[in-house]
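Q: Structure incoming, see below.
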Amino acid sequence: MADILKEVLSFIPQKDDISDAVFEGANIVLYTKKKEFFLNGNELIKGIVNSIKKRVELRPDPSIVMNQEKAEDEIKKILPKDSGVSQILFDPQRSIVVIESEKPGVAIGKNGEILREIKEKTFWVPQVKRTPSIRLKLIENIRDVLYENNDYRRKFLHKIGKRIYDGWTKEKRSEWVRVTFLGAARHVGRSCFLLQTPESKVLLDCGVDIAASDDDQFPILDVPEFNLTQLDAVILSHAHLDHSGLLPYLFKMGYRGPVYCTLPTRDIASLLALDFIGIAQKEAKDTLFSSSDVKEMVKHTVTLDYEEVTDITPDMRITFYDAGHVLGSAQVHIHIGNGLHNLLYTADINYEDSNLLHKAATKFPRLESVIMEATYGGRDDNPPTRQECEDELIKIIKETFAKRGKVLIPVLGVGRAQEIMLIIEKAVKKGLIKDIPIYVQGMVWDVTAMHTAYPDFFHSDVKKAIFHKDQNPFLSKVFKHISSHKEMQEVIEGGPCVVLATSGMMTGGASVEYFKAFSSSDRNTIVLVSYQGPGSLGRRLENGDKEIRISETENVSVKLNVHVLRGFSGHSSRKQLMDFVRMLDPKPKKIILVHGEGNKCLDLASSIHKEFRIETIAPRTLDTVRIR
Ligand code: ZN
């Protein structure tokens with residue numbers, strides 16, 4: 001038995017009160033066969049938590065819980081009629097029952113009295129979750145994968161705990177910290193950094209660059225310092241493919257360690273990975289990984305909330321902070337070696353409130369080094385404000401409509417799409433635009449449904465609206481969901497409309513199909529709201545190309561109007577990046593610029609150094625930087 005578990009058990013006066021002591025990741029769970037102790041042992045557990053400063057939970061041994069059928073009847077009897085319970089799910093391995101309710105507050109009861117009654121009568125540990133306002137098959141599939149494998153999960157989480165507390169009593173020996181940049185150095189796309197100490201090896205993101213040529217598509221993993229079998233953990237900042245796209249491939253190659261991310265990131269990353277396979281298959285390209293690899297990834301994720309502190313190796317402790325970039329996006333704060341060093345990996349940040357999300361956090365407990373994005377870090381990257389762009393978008397839609405034309409907005413399925421939906425919904429409510437069907441294509445709709453499942457990660461205004469069914473902006477009647485090819489054809493042949501479709505850079509997917517159909521008429525308009533990678537179709541349109549070669553056999557001449565609106569970006573503008581650094585609290589000693597084209601990383605590095613007197617670096621791919 002691990003030393004820390006022995007230490008925890010030494011606090012229990014009656015040894016036979018505890019039937020099992022296991023890890024669930026960094027958490028310690030004690031199981032008891034004594035009903036008395038289960039109901040009254042909490043004071044004792046609190047004492048242990050205070051003493052060892054780790055999370056400890058007491059649960060009933062599976063042998064003493066009420067039979068599931070009986071328990072379900074009992075729970076239904078106890079829950080108030082108006083709690084709107086939609087589902088009751090049992091996790092027998094962990095003695096937990098999940099109650100899905102439309103009104104979690106009612107199901108929990110005043111000071112948790114209803115939960116307490118369930119506990120006392122059934123000996124299950126009840127957890128209440130909000131019923132999502134749009135049901136989505138994929139979320140249910142992910143849940144099924146986790147439930148089907150809960151025996152495996154229990155062992156897997158115990159194994160992680162054993163690794164984390166390996167050497168609990170040992171002297172900590174981290175005297176250096178270094179980061180190797182395997183991708184996204186002076187480049188946007190394929191984010192992947194290897195963080196090492198003498199004790200741990202952790203990967204920060206593992207993305208692809210879909211717009212790049214073959215050689216630059218993937219992070220460079222065939223280097224001596226990268227060894228999949230020695231990797232302790234992967235931390236995923238957010239779901240975008242340039243941060244998550246190669247993760248299932250790691251599982252294909254045999255990785256079986258944990259992936260840390262937020263709940264929305266887990267679900268959206270799975271959805272994007274499956275979509276990525278789908279697009280490759282449609283284009284008859286080899287797929288990099290299969291859906292069973294995505295399943296493995298899901299099986300190995302450990303989800304964390306913002307500001308939830310957790311140990312991930314013997315010398316690393318991480319905390320996620322809001323990044324303001326897309327739903328569930330996180331900045332990763334890493335506390336290394338018991339006070340030795342504190343590193344912040346911002347990943348992609350938006351330092352401005354949007355309709356959807358709050359701006360990126362800037363206050364951290366301690367901070368010495370920062371790895372920061374520089375997507376729009378160039379001196380000239382100061383786009384019009386969000387408000388100007390919102391007004392402009394509504395104007396473009398009205399003008400196109402007056403000409404009886406159609407508006408295509410290519411979007412990354414995640415983030416920008418929902419932001420645009422909120423803006424349009426707001427304009428419809430205000431009466432600024434009228435009677436326009438807004439078509440939301442395939443995957444965009446699925447991601448939107450996912451958004452409604454996690455209201456806690458939104459801007460507080462949207463969160464409030466989602467809790468009231470009739471005010472939920474995503475359920476507004478102006479949005480029409482397009483799921484079949486036939487419906488898509490009807491949109492193409494039909495009258496004026498707005499279409500939101502992926503992919504955002506038009507590297508494939510429905511946005512390219514709509515573009516081909518709309519491009520021949522100057523009554524139609526395309527509005528580019530996302531970052532357009534070099535070489536992508538979107539970038540060629542931005543550059544004003546009038547003849548676009550789609551494939552060997554297909555050329556399209558561009559007659560439709562092209563508008564570029566930069567202010568909706570999920571990334572910070574140059575000014576916002578500088579403001580973010582200014583507001584960082586405490587002030588770091590070193591800032592490493594990544595995730596930007598070379599001149600932007602260098603430009604931002606020199607400006608930060610000049611203005612704030614902080615040491616800056618813009619590493620190249622495969623550079624290793626010692627940060628301590
Ligand atoms: Zn991103």
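The values are calculated or read from the model by the stated rules, or taken from the named source; none is laboratory data. Keep in mind that this is a model prediction, so the values were computed, not measured. Virtual Cβ from ideal backbone geometry, glycine too; neighbours counted across all protein chains shown. Side chains included, ligands, DNA and RNA excluded: accessible areas come from the protein's heavy atoms. Shrake-Rupley method; radii C 1.70, N 1.55, O 1.52, S 1.80 Å.
Q: Residues with beta-carbon under 15 Å from that of residue 259, excluding residue 259: net charge, scoring Lys, Arg +1 and Asp, Glu -1?
A: Overall, the nearby charge balance is +4.
Q: Can you compute the charge dipole magnitude of segment 65-131 about its Cα centre, using +1 on each Lys and Arg Cβ and -1 on each Asp and Glu Cβ, nothing else charged? Give it in debye, rounded to the nearest 20.
A: The calculation lands at about 180 debye.
Q: Under the rule of at least 5 residues apart or a separate chain, name every residue whose amide H is placed under 5 Å from the amide H of residue 301.
A: So residue 301 has HN proximity to 259.
Q: Can you give me the relative contact order of segment 291-450 as a percent, contacts being Cα pairs under 8 Å and 6 or more apart?
A: Reported relative contact order: 15 percent.
Q: Over segment 357-457, with the other protein chains present, what is the accessible area per residue in square angstrom, probe 1.4 angstrom?
A: 37
Q: Quick one: grab Rg to one decimal and Dmax as a whole number for segment 65-131, Cα atoms only, in Å.
A: Using the Cα atoms of segment 65-131, the pair Rg, Dmax is 10.5, 30 Å.
Q: Once phi is turned into ³J(HN,Hα) by the Karplus curve 6.51 cos²θ - 1.76 cosθ + 1.60 with θ = phi - 60°, what whole-Hz value does each residue of segment 334-344 show in order, with x for glycine and proline?
A: 10, 8, 10, x, 6, x, 5, 7, 10, 10, 10
Q: Now for a different question. Taking the Cα centre of the chain as the origin, how large is its charge dipole in debye, to the nearest 20, when only Lys and Arg (+1) and Asp and Glu (-1) carry charge on their Cβ atoms?
A: In debye, rounded to 20, the chain gives about 920.
Q: Further, regarding this structure: Counting C-alpha atoms alone, how compact is the chain: give Rg to one decimal and Dmax as a whole number, in angstrom.
A: Looking at the chain, its Cα Rg and Dmax stand at 25.5, 81 Å.
Q: Report relative contact order for segment 65-131 in percent, whole number only (criteria: Cα-Cα under 8 Å, sequence separation at least 6).
A: 36
Q: What accessible area, in Å² to the nearest ten, does a 1.4 Å probe give for residue 624?
A: The accessible area comes out at roughly 50 Å².
Q: Of 188, 462, 92, which is farthest along the charge dipole of the chain in the positive direction, counting Lys and Arg as +1 and Asp and Glu as -1 at C-beta?
A: Working it through, the farthest residue towards the positive pole turns out to be 462.
Q: I would also like to ask the following. Taking amide H positions as placed in the peptide plane 1.01 Å from N, state which residues far from residue 371 in sequence (5 or more) or on other chains have amide H under 5 Å from it.
A: HN-HN under 5 Å from residue 371: 344, 345, 346, 592.
Q: Taking the full set of protein chains and a 1.4 angstrom probe, give the accessible area of residue 276 in square angstrom, rounded to the nearest 10.
A: 50
Q: A further question on this structure: What FRET efficiency comes out for the pair residue 286/residue 622, r = Cβ-Cβ distance, R0 = 25 Å, nearest 0.05?
A: So the FRET efficiency works out to roughly 0.45.
Q: Please compute the net charge surrounding residue 299, taking Lys and Arg as +1 and Asp and Glu as -1 over other residues with Cβ under 15 Å from its Cβ.
A: Computed value for this residue: +1.
Q: Still on this model: Under a 1.4 Å probe, what is the accessible area of segment 4-63 per residue, stated in Å²?
A: Result: 49 Å² of accessible area for each residue.
Q: Working from Cα positions, state the angle (0 to 90°, nearest 10) between the long axis of helix 42-52 and the longest principal axis of the chain.
A: 70
Q: Can you sort 578, 66 by 1.4 Å-probe accessible area, starting with the largest?
A: 66, 578
Q: Here is a further query. Could you tell me the center-to-center distance, by alpha carbons, between segment 234-297 and segment 410-445 in angstrom?
A: 27
Q: Give me the accessible area of residue 487, 1.4 Å probe, in Å² rounded to the nearest 10.
A: Looks like 60 Å² after rounding.
Q: Write down, largest first, the equivalent ellipsoid semi-axes of segment 4-63 in whole Å, where each equals the square root of 5 times an eigenvalue of the alpha-carbon gyration tensor.
A: Taking √(5λ) for each eigenvalue gives 16, 13, 10 Å, largest first.
Q: Positive end of the dipole of segment 489-611, charges at C-beta (+1 Lys, Arg; -1 Asp, Glu), about the Cα centre: which of 531, 544, 571 has its Cα farthest in that direction?
A: Highest projection toward the positive end goes to 571.
Q: Okay, moving on. Determine, for each peptide in 343-351, 48-56, 112-120, the mean count of other beta carbons within 10 angstrom over its residues, then list the peptides with the highest first.
A: Per-residue mean Cβ counts within 10 Å order the peptides as 343-351, 112-120, 48-56.
Q: Still on this structure, please answer the following. Could you order peptides 250-257, 464-471 by the average number of other Cβ atoms within 10 Å of their residues, highest first?
A: 250-257, 464-471
Q: Compute the relative contact order of the chain as a whole-number percentage, counting only Cα pairs closer than 8 Å that sit 6 or more residues apart in sequence.
A: Relative contact order comes out at 14 percent.
Q: Sticking with this structure for a sec: Amide H of residue 528: which non-local residues (sequence gap of 5 or more, or other chain) have their own amide H closer than 5 Å, using H built in the peptide plane?
A: Hits under the 5 Å cutoff: 563, 564, 565.
Q: So, with a 1.4 angstrom probe, what is the percent of accessible area on segment 65-131 that is carbon and sulfur?
A: Answer for segment 65-131: carbon and sulfur cover 46 percent of the accessible area.
Q: Quick one: net charge of residue 210's neighbours, Cβ under 12 Å, K/R +1, D/E -1?
A: It works out to a net charge of -4.
Q: Sort 317, 154 by heavy-atom solvent-accessible area, probe 1.4 angstrom, most to least.
A: Ranked from most to least accessible, the order is 317, 154.
Q: Just how large is the dipole of segment 386-564 about the Cα centre, in debye to the nearest 20, putting +1 at every Lys and Arg Cβ and -1 at every Asp and Glu Cβ?
A: 400
Q: Okay, next question. Over segment 65-131, with the other protein chains present, what is the accessible area per residue in square angstrom, probe 1.4 angstrom?
A: Solvent-accessible surface per residue comes out at 53 Å².
Q: Which is farthest toward the positive dipole end of the chain among 10, 134, 25, measuring Cα position about the Cα centre, with Cβ charges +1 (Lys, Arg) and -1 (Asp, Glu)?
A: Towards the positive end, the residue furthest out is 10.
Q: Give me the percent of DSSP beta bridges within segment 4-63 that run antiparallel, rounded to the nearest 5.
A: Roughly 50 percent of the DSSP beta bridges within segment 4-63 come out antiparallel.
Q: While we're here: Run lengths n ≥ 4 of DSSP H only: what is the helix-derived mean residue ellipticity at 222 nm for the chain, with -39500 (n - 2.57) per run over all residues, to the nearest 500?
A: Rounded to the nearest 500, the figure is -10000 deg cm²/dmol.
Q: Give 103/464; 33/119; 252/295; 81/103; 103/129; 282/559 a once-over and call out the pairs whose C-alpha atoms are over 18 Å from each other.
A: 282/559
Q: Also: For a protection proxy built on the mean count of beta-carbon atoms within 10 angstrom, sort 208-215, 418-425, 285-292 highest first, please.
A: Packing proxy ranking, top to bottom: 418-425, 208-215, 285-292.
Q: Counting every Cα pair in segment 486-561, what percent are over 14 Å apart?
A: Across segment 486-561, Cα pairs with separations above 14 Å total 60 percent.
Q: With all protein chains present and a 1.4 Å probe, how do 406, 477 order by accessible area, largest first?
A: 477, 406
Q: Considering only DSSP beta bridges whose two residues both sit in segment 386-564, what percent are antiparallel, to the nearest 5?
A: 20
Q: Right, another one. If the viscosity is 0.890 mPa s and the temperature 25 °C, what Stokes-Einstein diffusion coefficient in µm²/s follows for segment 380-514 when Rh is the Kirkwood radius over Cα pairs?
A: Value of D from the Cα-based Kirkwood radius: 158 µm²/s.
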